[in-house]
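Here's the structure, in structure tokens; my notes come after.
The values are calculated or read from the model by the stated rules, or taken from the named source; none is laboratory data. The structure presented is a predicted model; accordingly, all values stated were derived computationally and were not measured. Methodologically, a virtual Cβ is constructed for each residue, glycine included, from the backbone with ideal geometry; neighbour enumeration extends over all protein chains shown. Ligands, DNA and RNA are stripped out before the accessible areas are found, and what is left, the full protein with its side chains, is counted by its heavy atoms. Shrake-Rupley method; radii C 1.70, N 1.55, O 1.52, S 1.80 Å.
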Amino acid sequence: MPLQSINPTDGSLIREYPESSDAEVASALAAAAAAFESWRRTSFEERGAVLQRAAAQLRERRDALARLMALEMGKPVTQGRAEAEKCAGTCDHYAEHARHLLAPEPAATEASRSYVAFEPLGLVLAVMPWNFPLWQVFRFAAPALMAGNVGLLKHASNVTGCALAIEEILHAAGVPRAAFRTLVVPSARVASLIESPHVAAVTLTGSTPAGRAVAAKAGACLKKSVLELGGSDPYLVLADADLEAAAETCAASRLINGGQSCIAAKRFVVVEPVLAEFEERLVERMRARVMGDPHDEKTAVGPQARADLRDELQRQVQASVARGTRVRLGCEVPAGPGAFYPPSVLAGVAPGMPAFDEELFGPVAAIVAAKDEREAIRLANHTSFGLGAAVFTRDVARGERIARYELQAGSCFVNAFVRSDPRLPFGGIRESGYGRELGAFGIREFVNVKTVYVA
């Protein structure tokens with residue numbers, strides 16, 4: 001069956017892509033394994049030059065890539081350009097720092113020489129989502145390639161055009177054709193890919209159910225896996241917060257990529273003394289964001305990536321309303337074509353409602369009331385997820401204490417929204433996954449941490 005790419009702005013068919021045959025997949029797997037034997041022996045300088053050329057390609061094609069993302073999954077072009085630039089910066093970062101990050105570490109023992117070396121594992125299978133169709137791939141590919149690994153990409157079916165564009169960029173930059181390939185296959189074929197003896201490890205960014213399936217298969221095959229899954233990020237707003245800045249930052253985070261981000265702010269846990277004022281400020285800022293055609297430079301919120309995802313979001317909202325939450329803004333599917341959903345605010349959200357317990361993957365802010373700081377922390381941690389969290393307070397030391405010692409998540413920010421950065425590790429705990437991407441920890445996920453002992 002061909003894979004279809006549907007324009008979420010109007011529901012039209014963009015293109016159908018023939019599914020890769022079993023023979024094509026087998027050939028790609030074998031070729032990648034063979035390419036690893038030569039790629040792993042290239043120098044950091046050689047790999048770095050390739051990654052720098054990839055960065056240049058990304059910058060050259062930035063506008064075209066932004067238009068492609070807008071077409072395939074509805075990302076506003078202004079955000080698409082920023083995504084391409086972030087990918088380029090990450091390529092540059094690892095081109096410059098990979099040698100240092102993977103330098104052997106000496107260990108003092110009785111040996112004449114002993115140290116820890118970091119050697120590549122081999123072929124890494126990347127199973128990637130549609131929401132950041134470039135960034136999710138390059139945050140895996142840049143460190144993995146610089147470490148000496150090779151990769152095969154199974155991207156989300158609705159962004160196959162983006163997947164093929166990534167492959168083209170890396171090949172044009174000098175990555176050997178067999179060392180990075182896109183497989184045009186549906187999710188049903190991921191398990192057989194993991195089973196291939198050529199695959200050394202797998203990385204997945206996606207939903208928690210997808211993570212469980214990949215982890216189970218990788219575990220059964222005794223293969224390393226890294227999972228970056230969903231999140232229901234809490235943002236704590238304390239009584240001494242700068243409410244103007246907090247409301248602006250919270251609205252911006254909630255609406256990143258139309259709310260379709262694992263680390264977008266999801267639950268706003270606000271202490272009662274400032275609850276009413278924060279709620280009004282957040283509603284005002286959410287209302288001001290322009291929803292429309294993602295190709296329009298003025299658009300801040302495009303359509304949701306698919307109509308079925310928009311409809312699932314509406315189901316979660318309606319179920320929350322039925323359990324007692326109040327609609328302060330939006331929460332209605334607009335008439336007309338496209339998978340649009342407006343910036344929305346729910347107030348009075350509490351445990352037991354989908355808006356609290358589940359991940360709302362769209363532009364819906366959930367406001368949760370807390371009596372005081374202690375209850376705010378308890379409510380923030382009252383989740384099965386653990387990807388990101390933030391706290392807003394004028395007392396920076398207090399904020400840092402809460403971020404470091406109290407909030408249970410992989411990335412905790414003070415007076416800023418959670419974001420990924422190639423200089424810092426990124427990942428979650430509990431149902432948000434395990435392992436880390438980016439930073440020194442990310443580039444070391446897919447290496448053999450090898451002890452070398454010379455008597």
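Restricted to the stretch 189-228, and to residues that are in a loop (DSSP other than H, G, I, E, B) and under 19 Å from Ser157 (Cβ atoms), which residue is farthest from the chain's Cα centre (by Cα)?
Within the stretch 189-228, the first condition is being in a loop (DSSP other than H, G, I, E, B), and the residues that meet it are 196-198, 206-207, 221-223.
Imposing the further condition that a residue be under 19 Å from Ser157 (Cβ atoms) reduces the set to 206-207.
Numbers: Gly206: 8, Ser207: 11 Å.
Checking each candidate, the answer is Ser207.
Identify the residue in the stretch 67-124 that is assigned to a helix (DSSP H, G or I) and among the basic types (Lys, Arg) and, among all such residues, is nearest to Val150 (Cα to Cα).
First pass over the stretch 67-124, keeping only residues assigned to a helix (DSSP H, G or I): 67-73, 77-101.
Imposing the further condition that a residue be among the basic types (Lys, Arg) reduces the set to 67, 81, 86, 99.
Working: Arg67: 28, Arg81: 27, Lys86: 22, Arg99: 17 Å.
Restricting to residues being assigned to a helix (DSSP H, G or I) and among the basic types (Lys, Arg), the top hit is Arg99.
Among the residues of the stretch 384-411, write down those that are within 19 Å of the chain's Cα centre (by Cα) and either of a type outside the set (S, T, N, Q) or more than 30 Å from Ala55 (Cα to Cα) (or both). Break it down into steps so the answer makes sense when it comes.
Start the filter on the stretch 384-411 by keeping residues that are within 19 Å of the chain's Cα centre (by Cα), which leaves 384-390, 408-411.
Hits for the stretch 384-411 are Ser384, Phe385, Gly386, Leu387, Gly388, Ala389, Ala390, Gln408, Ala409, Gly410.
Can you name the residue in the stretch 147-173 that is open to solvent by less than 10 Å² (accessible area, probe 1.4 Å) and more than 22 Å from the chain's Cα centre (by Cα) and, of all such residues, is nearest to Glu16 (Cα to Cα)?
Ala173
Does the stretch 258-273 include one or more residues that are part of a helix (DSSP H, G or I), among the polar types (S, T, N, Q) and modelled with pLDDT of 95 or more?
Applying the first criterion (part of a helix (DSSP H, G or I)) to the stretch 258-273 yields 258-259, 272-273.
Add one more test, that the residue is among the polar types (S, T, N, Q), and what stays is none.
No, that holds for no residue.
Of the residues Val127, Val199, which single one is farther than 18 Å from Tyr94 by Cα, at pLDDT 95 or above and in contact with a Lys or Arg (Cβ under 6 Å, 6 or more places away or on another chain)? Please lay out each step first, then the result.
Working: Val199 fails: in contact with a Lys or Arg (Cβ under 6 Å, 6 or more places away or on another chain).
None of the other options fit; the residue is Val127.
Take the stretch 1-23 and flag every residue that is without any contact (Cβ under 8 Å) to a residue 12 or more places away in the chain and outside any loop (DSSP other than H, G, I, E, B).
Quick first cut of the stretch 1-23, residues without any contact (Cβ under 8 Å) to a residue 12 or more places away in the chain only: 12-13, 21-23.
Within the stretch 1-23, Leu13, Asp22, Ala23 meet the criteria.
Could we say that Val391 is at negative phi and in a loop (DSSP other than H, G, I, E, B) here? Steps first, answer last, please.
Details: at negative phi: yes; in a loop (DSSP other than H, G, I, E, B): no.
No.
Check whether at least one residue in the stretch 414-425 is more than 30 Å from Pro120 (Cβ to Cβ) and in contact with a helix residue (DSSP H, G or I) (Cβ under 6 Å, 6 or more places away or on another chain), and report yes or no.
Among the residues of the stretch 414-425, at least one is more than 30 Å from Pro120 (Cβ to Cβ) and in contact with a helix residue (DSSP H, G or I) (Cβ under 6 Å, 6 or more places away or on another chain), which makes the answer yes.
Give Val414, Val454, Val449 a once-over and let me know the one that is more than 30 Å from Ala108 (Cβ to Cβ) and more than 16 Å from the chain's Cα centre (by Cα). Explain how you work it out, then say what you get.
On the way: Val454 fails: more than 30 Å from Ala108 (Cβ to Cβ); Val449 fails: more than 30 Å from Ala108 (Cβ to Cβ).
Only one candidate passes the filter, namely Val414.
Collect the residues in the stretch 174-188 that are open to solvent by 30 Å² or more (accessible area, probe 1.4 Å) and within 22 Å of the chain's Cα centre (by Cα), keeping them in residue-number order.
Across the stretch 174-188, the qualifying residues are Arg181, Pro186, Ser187, Ala188.
Which of the following residues is touching an Asp or Glu at 6+ places or on another chain (Cβ under 7 Å) and modelled with pLDDT of 95 or more: Arg47, Arg62?
Details: Arg47 fails: touching an Asp or Glu at 6+ places or on another chain (Cβ under 7 Å).
That would be Arg62, the only listed residue that is touching an Asp or Glu at 6+ places or on another chain (Cβ under 7 Å) and modelled with pLDDT of 95 or more.
Of all residues in the stretch 222-260, which are open to solvent by 40 Å² or more (accessible area, probe 1.4 Å) and hydrophobic (A, V, I, L, M, F, W, C)? Quick ask: steps written out before the conclusion?
Taking the stretch 222-260 and keeping what is open to solvent by 40 Å² or more (accessible area, probe 1.4 Å), we get 222, 224, 239-240, 242, 244-245, 248, 256.
Within the stretch 222-260, Leu222, Ala239, Ala245, Ile256 meet the criteria.
Could you grab me the full set of residues in the stretch 86-118 that are small (Gly, Ala, Ser), over 17 Å from the mean Cα position of the chain (by Cα) and open to solvent by less than 30 Å² (accessible area, probe 1.4 Å)?
The initial filter retains those residues of the stretch 86-118 that are small (Gly, Ala, Ser), namely 88-89, 95, 98, 103, 107-108, 111-112, 114, 117.
From what is left, the residues that are over 17 Å from the mean Cα position of the chain (by Cα) are 95, 98, 103, 107-108, 111-112, 114, 117.
Ala95, Ala98, Ala111, Ser114, Ala117, listed by residue number.
Residue by residue through the stretch 403-422, note down the ones that are open to solvent by 30 Å² or more (accessible area, probe 1.4 Å) and among the hydroxyl-bearing types (Ser, Thr, Tyr).
Tyr405
Can you tell me how many residues within the stretch 32-85 are farther than 15 Å from Phe138 by Cβ, among the polar types (S, T, N, Q) and open to solvent by 60 Å² or more (accessible area, probe 1.4 Å)?
Number satisfying all stated conditions: 1.
Rundown of residues vs (1) part of a helix (DSSP H, G or I); (2) surrounded by fewer than 18 Cβ atoms within 10 Å (Cβ to Cβ), yes/no style:
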{"residue": "Arg287", "(1), (2)": "yes, yes"}
{"residue": "Thr299", "(1), (2)": "no, no"}
{"residue": "Leu313", "(1), (2)": "yes, no"}
{"residue": "Gln318", "(1), (2)": "yes, yes"}
{"residue": "Gly324", "(1), (2)": "no, yes"}
{"residue": "Phe340", "(1), (2)": "no, no"}
{"residue": "Val345", "(1), (2)": "no, no"}
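Show the residue pairs meeting these rules: Cβ distance below 8 Å; 6+ apart or different chains; first residue within the stretch 267-288 and farther than 26 Å from Phe385 by Cα; second residue open to solvent by 70 Å² or more (accessible area, probe 1.4 Å) and in a strand (DSSP E or B).
none
Would it be correct to say that Pro133 is open to solvent by 10 Å² or more (accessible area, probe 1.4 Å), closer than 22 Å to Ala163 by Cβ and not in a strand (DSSP E or B)?
Values: open to solvent by 10 Å² or more (accessible area, probe 1.4 Å): no; closer than 22 Å to Ala163 by Cβ: yes; not in a strand (DSSP E or B): yes.
So Pro133 fails the test.
Within the set of pairs 6+ apart or on separate chains, which have a first residue in the stretch 412-441 that is closer than 10 Å to Gly388 by Cα, a second that is aliphatic (A, V, I, L, M) and open to solvent by 30 Å² or more (accessible area, probe 1.4 Å), and C-beta atoms under 7 Å apart?
That search, which allows pairs on different chains as well, returns Phe417/Ala252.
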